[in-house]
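Down below is the structure, laid out as structure tokens.
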Amino acid sequence: MAKVLKSLSLKTKKADAATDIAKINQFSVKELSPEEVYCFSVAMCDNDIDRDLERFTNRTLDGLAPLFMGKTVISDHSWRSGNQIGRIYDTYVQRSTEQNQAGEPLRQLIGKVYMLNSEDNKAVIDAIEAGILKEVSVGVSIKGRKCSLCGEDMKFNWSSWAMQCDNKHILGETYPEKGLCFINLEEPRDAYELSFVAVPAQRNAGVTKAAGDPDVDEAFDTLLSCPDLSENQKFGELLKHMQQSSMQAVDREERKKILEENDKIIKIFEKEN
Ligand SMILES: [Zn+2]
């Protein structure tokens, strides 16, 4: 079961500390007054198909809501103590009037977050209010990666070099009458954190450690010092990961455009017949 990281552009709305103070105090060590906190709601994740052609199902969002209660909010994906900036005190799933790319009503998992209204947090609070923080991402544990067309497990296939299910539906392919094959993320097991990101993280593969991250450099140094990696279990995963990372974001954009064009053409065709 892997940790899954998913990002959304940041949308916050100020919340009323006076109304919510009882809920906030459920999670605070000492009793806080409304003046001592800054609180807001934020869309943490949704049921839309993302850049990796994955999406949380409605049931997964419902399952994640209680798992996020009381969880920590950090900045820039770092758990260093100074980066722990707040806590989630309430969660709920909100249905919007918009549609997602699967043509269903868009649903968002909303988290309500409180921060201490302290000198230490002032810079972060200002950044939120000024809209400088651009993205949030969630770290969750998900058991199931299922084919959107048939519900079977999606796995990496070494001969086709693609994610596919037992019924040979290939991720990203569009099938007549069935539509696009994407991945439904199902069976949430845990929620780890919500992270605020000042600069949008690397856009592909749900990876939030950017290429320039010192941790990543260090990891590569370690790998390069190994004379032979072929016996290592994770080596296969790494190869796959590198392959996916090298897929250009431009290609994905192009594919999206083509799929949208296809949809339009199909609709026109259906009208005329
Ligand atoms: Zn399938």
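Of note:
- Candidate set: segment 1-24, residues that are outside any strand (DSSP E or B) and either touching an Asp or Glu at 6+ places or on another chain (Cβ under 6 Å) or among the β-branched types (Val, Ile, Thr) (or both); chosen: the one modelled with the lowest pLDDT: Leu10
- Ala102 passes every criterion in (1) in contact with a strand residue (DSSP E or B) (Cβ under 6 Å, 6 or more places away or on another chain); (2) within 16 Å of the ligand (Cβ to nearest atom); (3) among the aliphatic types (A, V, I, L, M) apart from (1).
- Thr60 hydroxyl-bearing (Ser, Thr, Tyr) and more than 27 Å from Glu260 (Cα to Cα): no
- Once segment 124-160 is narrowed to residues that are at pLDDT below 85 and exposed (fewer than 12 other Cβ atoms within 10 Å of the Cβ), the residue that is farthest from Arg55 (Cα to Cα) is Ala130.
- Residues that are in contact (Cβ under 8 Å) with a residue 60 or more places away in the chain and away from the ligand (no atom under 12 Å from the Cβ) were ranked within segment 163-178; the one that is surrounded by the most Cβ atoms within 10 Å (Cβ to Cβ) is Gly172.
- Among the residues of segment 118-162, those that are within 28 Å of Leu67 (Cα to Cα) and within 16 Å of the ligand (Cβ to nearest atom) comprise Gly144, Arg145, Lys146, Cys147, Ser148, Leu149, Cys150, Gly151, Glu152, Asp153, Met154, Lys155.
- Residue list for segment 65-79, filter: over 15 Å from Glu135 (Cα atoms), modelled with pLDDT of 65 or more and not small (Gly, Ala, Ser): Pro66, Leu67, Phe68, Met69, Lys71, Thr72
The values are calculated or read from the model by the stated rules, or taken from the named source; none is laboratory data. What you see is a predicted model; the values in this text were computed from it and never measured. Note that each Cβ is placed from the backbone with ideal geometry, even for glycine, and that neighbours are counted across all protein chains shown.
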